[in-house]
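Structure first, commentary second.
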Amino acid sequence: MRELYRNFRWFEDDSPQSMLVENGVVLERGVLGEINSVDASFDLEGALLHPAFVDSHCHILPTGLDLQKLNLGSCDTPEEVLQAVADRNQQMPEGEWLRAVLYDQTKFHSGEHLTRDDLDRISASRPIVLRHVNGHASIANTAALLAAGVTEDEPDPAGGTFVRDASGRITGVLLEHAHERVFDAGPKLRVDQMVEAILAAGHKMSELGIVAASDMMTGRYDLLSELDAYVEAARQGCPIRTRLYVQWGTVFGPRGIGLDRFVERANTIKSDSVRVAGIKIFADGAIGSKTAGIYGSYQDESPSETSGKLIYSPERLIEMVKTASDAGFQVCVHSIGDWSTDKVLDAFEASGDPSRHRIEHVMLLSDAQIDRIARLGCFATMQPEFLMRLGHAYRRNLGEARAARLKRANSCLKAGVKLSFSSDRPIVSGNPRDGIQTATRRPEGFDSSENVRLRDALRLYSASGDEVNGDHPSLLMPGQRAQWLTT
């Protein structure tokens with residue numbers, strides 16, 4: 001099947017071009033002469049044509065699972081949250097957990113979290129957990145704490161906190177690894193349930209023009225089962241290519257499956273449809289829960305040199321990055337705060353080849369840090385849509401002036417940083433067009449000098465996503481798959 005697409009503008013330079021495609025592969029693109037013997041010809045009427053989107057940092061399986069959970073994104077007051085939870089509780093059969101997502105106390109006038117007592121008044125027997133919009137915290141009732149084996153004298157896990165009141169009683173507010181322990185408790189997911197969720201997420205993303213996506217926490221539920229589920233979803237026709245970044249602990253940790261077993265399994269699923277792309281590590285938390293590792297203090301907190309939480313000591317982080325790097329993997333590290341980012345860059349530099357690796361989010365960056373990222377040559381990903389959806393939380397917790405300088409995309413591009421855009425769905429809705437709109441026209445209160453040009457935003461959300469994933473960047477060159485969109 002030979003198809004000719006003509007009369008479009010190429011996104012990089014706005015030039016009028018045409019494109020000849022045969023059986024889904026680009027034969028020619030540019031200013032073409034007369035083309036004969038085509039099966040179909042399409043006039044795109046001057047539309048801007050660009051490669052299809054790549055979401056290089058998101059959570060595919062959790063996106064599908066969240067479609068089944070209570071969504072609290074529209075709830076702006078404690079009363080609205082509690083009413084929504086109470087309504088869902090009434091609709092559910094006995095014995096099931098009630099899990100909700102997109103809870104956000106920064107929308108409340110007080111800014112104060114709900115507590116286990118608030119949720120206990122809805123149900124003392126059903127486990128209830130509300131996951132924070134940033135994915136790094138949650139609120140649990142007493143039944144959920146007990147079901148997860150958490151007692152009143154439970155020590156904080158490494159890299160996590162069970163928040164307590166003045167008397168030492170657990171309030172139900174869970175941060176980082178404490179949140180993960182409770183939110184992920186309950187009945188184990190079956191592979192068929194995972195497959196169903198991956199397919200649901202894949203179809204949802206495909207509808208938005210996304211052709212490839214990276215899952216950034218593979219192994220959160222059960223590593224081998226998740227790998228099986230992604231392979232089976234691909235076999236059943238998942239409409240997006242999936243790239244899997246596996247949690248460090250599920251391979252190298254004390255309860256991990258071990259490097260040899262992991263490599264043997266990963267080598268069986270290398271394909272264009274699905275493959276293991278690297279190893280994921282969390283270095284800090286999030287601004288919305290005041291757990292991102294920052295220099296200075298959060299708003300309304302006592303002055304300090306640093307605030308938030310480093311998940312690992314600097315020495316341990318270096319060891320973890322080097323372990324995965326020496327095993328041959330690209331290492332991808334979550335780092336939101338500037339204090340955390342310095343420690344991640346130290347670890348990358350110690351690995352011997354920092355240009356292989358990825359630093360995710362980098363929301364707070366100094367000029368010196370931007371120059372250092374460019375010098376090391378490592379990849380960096382940003383999620384512009386965060387400013388659209390979560391700006392209120394950033395201003396509340398950082399103050400107006402500091403929040404205004406978040407996500408310095410234009411400065412990174414000018415410095416030569418290998419940057420890409422993505423969504424981190426389901427933290428936000430994940431429509432690439434919202435991310436592009438935010439990147440090119442940052443919301444009021446965010447420094448407009450960090451806006452990027454439309455052509456750059458389109459590339460960062462497409463070809464650059466392929467590059468950071470270790471795929472050949474698609475710019476619709478001859479021999480590449482013809483996956484494109486018009487704007």
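Details
- Of the peptides 259-268, 43-52, the order by per-residue mean of other Cβ atoms within 10 Å, starting with the highest, comes out as 43-52, 259-268.
- Length released on extending from Ile35 to Asp76, taking residue separation times 0.36 nm less the Cα-Cα span: 9.0 nm
- Sorted by Cβ neighbour density within 10 Å, fewest at the top, the residues Thr151, Thr218: Thr151, Thr218
- Only Lys, Arg, Asp and Glu carry charge here, each on its Cβ (+1 for the first two, -1 for the last two); on that basis region 119-179 has a dipole of about 280 debye about its Cα centre.
- Legend: residue pairs Lys107/Lys343; Lys188/Lys309; Lys280/Lys309; Lys290/Lys343; Lys322/Lys343, Cα-Cα distance threshold 23 Å; pairs beyond threshold, Lys107/Lys343; Lys188/Lys309.
- Over all other residues within a Cβ to Cβ distance under 14 Å of Lys280, the charged ones net out to -3, with Lys and Arg as +1 and Asp and Glu as -1.
- Spatial separation of Cα centroids for region 376-409 and region 229-277, in angstrom: 31
- Burial ordering of Lys280, Lys204, Lys270, fewest other beta-carbon atoms within 10 Å first: Lys270, Lys204, Lys280
- Once both labels are positioned 7 Å from their Cα atoms along Cα-to-Cβ, the gap between Ser313 and Arg255 label points is 2.3 nm.
- Charges were assigned to the Cβ only: +1 to each Lys and Arg, -1 to each Asp and Glu. The resulting dipole of the chain about its Cα centre is roughly 400 debye.
- Using the Cβ-Cβ distance between His109 and Ala401 with R0 set to 25 Å, the FRET efficiency from 1/(1 + (r/R0)^6) comes to roughly 0.65.
- Residues Ser206 and Gln83, FRET efficiency given R0 of 35 Å [Cβ-Cβ distance, rounded to 0.05]: 0.50
- Pair-distance distribution of the chain: all C-alpha pairs, bin width 20 Å, starting at 0; shares per bin in whole percent are 23, 56, 19, 2, 0.
- Remark: spin-label model distance Arg190-Thr151 equals 3.5 nm, labels positioned 7 Å along the Cα→Cβ axis.
- Taking 0.36 nm per residue of separation and subtracting the Cα-Cα distance, full extension of the segment from Asn23 to Leu44 would add 5.6 nm.
- Taking a sphere under 14 Å around the Cβ of Gly352 and counting the other residues whose Cβ falls inside, with K and R at +1 and D and E at -1, yields a net charge of -3.
- FRET efficiency, 1/(1 + (r/R0)^6) with R0 22 Å, evaluated for Ser304 and Ala368 via beta carbons: 0.55
- In terms of its C-alpha gyration tensor, region 372-444 has an oblate overall shape, because the principal axis ratio a/c (a ≥ b ≥ c, square roots of the eigenvalues) is not below 1.5 and a/b does not outweigh b/c.
- Each of Leu223, Ser167, Ala86 was scored by the projection of its Cα onto the charge dipole of the chain, and the greatest displacement toward the positive side belongs to Leu223; charges sit on the C-beta of Lys, Arg, Asp and Glu.
- Met477-Ala327 pseudo-label distance in nm [points 7 Å out on the Cα-to-Cβ vector]: 3.3
- Put in order of Cβ neighbour count within 10 Å, fewest first, the listed residues Thr438, Thr106 become Thr106, Thr438.
- Gain upon complete extension [Ala124, Ser167; 0.36 nm per residue less C-alpha separation]: 13.3 nm
- Protection proxy ranking, highest mean first, for peptides 174-181, 123-130, 247-254: 174-181, 123-130, 247-254, where packing is the per-residue count of other beta-carbon atoms within 10 Å, averaged.
- Rounded to the nearest 20, the size of the Cβ-charge dipole of region 257-371 about its Cα centre is 640 debye, with Lys and Arg at +1 and Asp and Glu at -1.
- Rounded to two decimals, the Cα-based Rg/Rh of region 322-371, with Kirkwood Rh, is 0.97.
- Alpha carbon centroid spacing (whole Å) that separates region 8-29 from region 115-179: 54
Since every read-out is calculated from the coordinates, none of them should be taken as a lab result. Predicted model, so just to flag it, every value in this text is computed and none were measured. Glycine gets a Cβ as well: all are built from the backbone with ideal geometry, and neighbour counts include every protein chain shown.
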